[in-house]
Amino acid sequence: MPELFDKHGGFRRLHSFTLATIVQLDTLRFCRRFLTFDHRETETKFYDPKGRQYDQMTQAARSGRQNIIEGSERSSTSKDTEMKLTDVARASLSELRGDYEMFILDRGQLPWSVHSPEARAINAISLDDAPFADDMVHESAKHALEQRRKYARWLDADDAVVVANAMLIIIGRALNMLKSQIEAQGKTFEETGGFGERLMAKRLEAREQQKSADAPECPQCGTPMRRRTSAKGDFWGCSSYPECKGTRPI
């Protein structure tokens, strides 16, 4: 029988979480660098007088990362909630991707083609597995920064369009990973059921064990017996029936 509680947490080892961390960090940096209006630099700064674009982008980036965390932590008691929160993370990052796309279009340019040298180079980057020992928060942050350095050539560029294009590709990779996660979560749910189902199964198992503890042993095979009912009344029957047909009167 499956364990009552699923394994939970472990999100810090996910590549999707590492990319979501990079996305949130560099969205904050992008907004500070390129969405802060300065009347002296109207040619290089994005006009966002009330900060709405800044706020929406940073909140979408935060939601993408935070919902991966919450979904992972809720997985012990609700696979359904885990899947929903992972999907919310995907939706938030998809929204953010749309903002970067519009930023590029507003500059009169097009997003990089997936066949462009830049896109190919970014997509070719592979992430290292997280080598955690006993200091998860510290080592997770260190790991994310080390992986970010692989994209620094584009993320640290002075050209805002280059940065936005790089973010588009990184977000796209995170979205693909989250899609695979949701599919895996659905398969696990299909195989093991939800928390409510397992809770009921555990309760029924406990009842059966309690019955067995109070029952006599079968006179033929020695296994615990179960209380059974027939037309003539109640009796003890072997729990191994039909392999064993031992009985005792009550």
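Going by what's in this entry, would Arg40 be described as assigned to a helix (DSSP H, G or I), at pLDDT below 75 and in the same structural domain as Ala184 (by TED's automatic domain parsing)?
Yes.
Checking Thr77 against (1) more than 19 Å from the chain's Cα centre (by Cα); (2) part of a loop (DSSP other than H, G, I, E, B): exactly one of these is not met. Which one?
(1)
I'm trying to understand the selection: among the residues of segment 141-167, which are among the β-branched types (Val, Ile, Thr) and free of Cβ contacts under 8 Å to residues at least 60 places away in the same chain? Full working, then the answer.
Taking segment 141-167 as the starting set, the residues that turn out to be among the β-branched types (Val, Ile, Thr) are 161-163.
Once the filter is applied, which keeps residues that are among the β-branched types (Val, Ile, Thr) and free of Cβ contacts under 8 Å to residues at least 60 places away in the same chain, segment 141-167 yields Val161, Val162.
Which residue out of Asp87, Asp135, Asp99 is modelled with pLDDT of 95 or more and under 27 Å from Asn67 (Cα atoms)? Don't jump to the end; show me each part of the working.
Values: Asp87 fails: modelled with pLDDT of 95 or more; Asp135 fails: modelled with pLDDT of 95 or more.
Sole residue among the options that is modelled with pLDDT of 95 or more and under 27 Å from Asn67 (Cα atoms): Asp99.
If Gln59 satisfies every condition in (1) buried (at least 16 other Cβ atoms within 10 Å of the Cβ); (2) farther than 16 Å from Phe11 by Cβ; (3) in contact with a Ser or Thr (Cβ under 9 Å, 6 or more places away or on another chain) but one, which is the exception?
Here Gln59 meets the rest and fails (1).
Grab the helices (runs of 4 or more DSSP H) fully contained in segment 113-183, keeping just those with 2 or more residues being touching a strand residue (DSSP E or B) at 6+ places or on another chain (Cβ under 9 Å) and under 13 Å from Ile22 (Cα atoms). I'd like the intermediate steps shown before the answer.
On the way: elements: 117-123, 136-148, 152-155.
Counting at least 2 such residues, we get no helices (runs of 4 or more DSSP H) at all.
Being assigned by TED's automatic domain parsing to the domain that holds Leu96 and modelled with pLDDT under 85 is the requirement here; does Thr223 meet it? Let's see the steps before the verdict.
On the way: assigned by TED's automatic domain parsing to the domain that holds Leu96: no; modelled with pLDDT under 85: yes.
Against the criterion (assigned by TED's automatic domain parsing to the domain that holds Leu96 and modelled with pLDDT under 85), Thr223 does not qualify.
If I ask for residues that are assigned to a helix (DSSP H, G or I) and surrounded by fewer than 17 Cβ atoms within 10 Å (Cβ to Cβ), which ones from segment 102-112 would you list? Outline the logic, then answer.
Initial filter on segment 102-112 (assigned to a helix (DSSP H, G or I)): 102-106.
Selection gives Met102, Leu105, Asp106.
Going through segment 216-250 one residue at a time, which ones are among the aliphatic types (A, V, I, L, M) and surrounded by 13 or more Cβ atoms within 10 Å (Cβ to Cβ)?
Met225
Restricting the first residue to segment 129-140 and requiring it to be loosely packed, with under 14 Cβ neighbours inside 10 Å, which pairs with a second residue that is modelled with pLDDT of 90 or more and not in a loop (DSSP other than H, G, I, E, B) meet a Cβ separation below 7 Å and a spacing of at least six or different chains?
Ala133/Glu139
Check Ile170 against each of (1) surrounded by fewer than 17 Cβ atoms within 10 Å (Cβ to Cβ); (2) touching a residue at least 12 places away in the same chain (Cβ under 8 Å) and name the one condition it does not meet.
(1)
Given the conditions (1) part of a helix (DSSP H, G or I); (2) surrounded by fewer than 14 Cβ atoms within 10 Å (Cβ to Cβ); (3) modelled with pLDDT under 85, and given that Arg198 satisfies all but one, which numbered condition is not satisfied?
Failed condition: (2).
The values are calculated or read from the model by the stated rules, or taken from the named source; none is laboratory data. Predicted model, so just to flag it, every value in this text is computed and none were measured. Glycine also receives a Cβ, built like all others from the backbone with ideal geometry; neighbour counts cover every protein chain displayed.
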